[in-house]
1. Just to be sure I understand: with springs between alpha-carbon atoms less than 10 Å apart, which residue in L204, L385, L177 has the highest mean-square fluctuation in the Gaussian network model of the chain?
2. Using helices alone, I'd like the mean residue ellipticity at 222 nm for the chain: each DSSP H run of four-plus residues gives -39500 (n - 2.57), total over residue count, nearest 500.
3. Hey, how many Å between the Cα centroid of the stretch 140-164 and the Cα centroid of the stretch 223-242?
4. Using a/c under 1.5 as the rounded threshold, could you call the stretch 223-377 rounded, prolate or oblate? The axes a ≥ b ≥ c are square roots of the C-alpha gyration tensor eigenvalues, and prolate needs a/b larger than b/c, oblate otherwise.
5. So what's the net charge close to S191: Lys and Arg +1, Asp and Glu -1, counting the other residues with Cβ under 12 Å from its Cβ?
6. Based on the alpha-carbon gyration tensor of the stretch 122-191 and its eigenvalue square roots a ≥ b ≥ c, which shape applies: rounded if a/c is under 1.5, prolate if not and a/b is larger than b/c, or oblate?
7. Classify the stretch 67-135 from the C-alpha gyration tensor, please: rounded if a/c falls under 1.5, else prolate or oblate depending on whether a/b exceeds b/c.
8. With unit charges on the beta carbons (Lys and Arg positive, Asp and Glu negative) and the dipole taken about the Cα centre of the chain, which residue among I239, V351, T381 sits farthest to the positive side?
Amino acid sequence: MKAVIVPSGRRVAPFLDPPGELRVLDVPLARVQARAIAEAGLELVGQPPADEPWVAVGDRTWFTAELLRRFLEQQAGRPGRLQVDDPVFVAATGALQDLEAPGLHAVAILPPGPAQPTFADFSRVDPVPFDPGLEDADLPELHPRMQHVARPLRVGPAMIHQLDHWMHLVRVNQLALAGYAHAERLRHERSPWWRRWWTTVSLLLRARSLNRYRLGRALCQVGADVDIHPTAVVELCVIGDGVRIGPHAVVRASVLGAGAVVDEFAAVNLSTVGEGAHVGRYAMVNLCTLLPGAWLSWCNGTQACVIGRDAFVAWGATLLDMSFGGSVRVEVPTDDGGVERVDSGEHFLGVAVGHRAVVGHGVRINYGVAIPNDAVLVGGTDGLLRAWGDAPTHRPCRVEEGRAVPVPRRRPAGTAAG
């Protein structure tokens, strides 16, 4: 059976890239889709066949090969449009997806149709309930005042999500990390017994121990010409060619693209660090997506953020990520070319920094904010000393209007001015 990727003409702010260039685990979405289509046994073509049913997928829909494979098995060639039948997954992932109905995605088996398909063609067939066979995800232990952040989520090797907003880049990369782990486990379970035996023996030989930390290190996939300092902790990661990880850095359950750098004492957890991206010393990156060439310095911790291509975030910036009140509001485009702020449905969400944007020292950015491409944002000048001036050097001074000003001396109690 043949498959066609149907263009939507949509772009995701603030990056404004075509959907196929949005990156999932540091791979363009178009390549992720093509790989999943091939692994599901389909042939990707440019036009639908005129004499047989075919599979249509939207150009901004992320899906795994296992999801497509199971949907094809369920339908056995019958026309239908995939609608996820898992209320927990739909509730956890549905916010801001531009879907016609909850869980109704741009994946369908269509009858022979037009030479130039459009999104309207998905409506030619009826929705078909599809159970992806997910399981409950383990939720982290949180402080009692943070319990409102935790939301039930179900994950597995068969998942799907549409990318309509920058917050979806955060979520899809997290789902893709979980999906990758589940797919590897499923591949192991489906292997012949002798291959499972050899995989286990090979792992133990690499780890040379039953210690779980050494096993975690041995489970990493490491590319060529990689430099990992002996004091670094690196576990359950996919590491591209030419990556450098410095002394005492901690990198767990993450994907590092070719040429990425993680400096000394930095921490990267459940994140995607794109090709040539740089995580500066002492930086903390959690649940983030750094696009190729991004540079992230230490900035009071960075969580659930997307940092654009070749963007720079300076030392000492603050990117907020949690609301203790109402859910985070984000900007979405309107039909008249403007923007409006809407409810994201999330209490835990960082910020998006556009391609080539610069965020300077001391800048504080509220959760849910998107910085445009090529923007330059510098910190305020309150308290910034520009020149010493004529203030004395033997008395305490403070900064006022950019200059040093002597601190007034306190008079003893009961002393009159004179």
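1. Largest GNM mean-square fluctuation: L385.
2. Helix contribution divided over all residues of the chain: -5500 deg cm²/dmol.
3. Centre-to-centre distance over Cα atoms comes out at 28 Å.
4. Since a/c reaches 1.5 and a/b is larger than b/c, the shape of the stretch 223-377 is classed as prolate.
5. Combined, the nearby Lys, Arg, Asp and Glu give +3.
6. Taking the square roots of the gyration eigenvalues as a ≥ b ≥ c, the stretch 122-191 is oblate.
7. oblate
8. The one lying farthest along the dipole's positive direction is T381.
Here, each number is a calculation from the coordinates, and none is a lab measurement. All values reported here derive from a predicted model rather than from experimental measurement. As a convention, Cβ positions derive from the backbone with ideal geometry for all residues, glycine included, and neighbour counts pool all protein chains shown.
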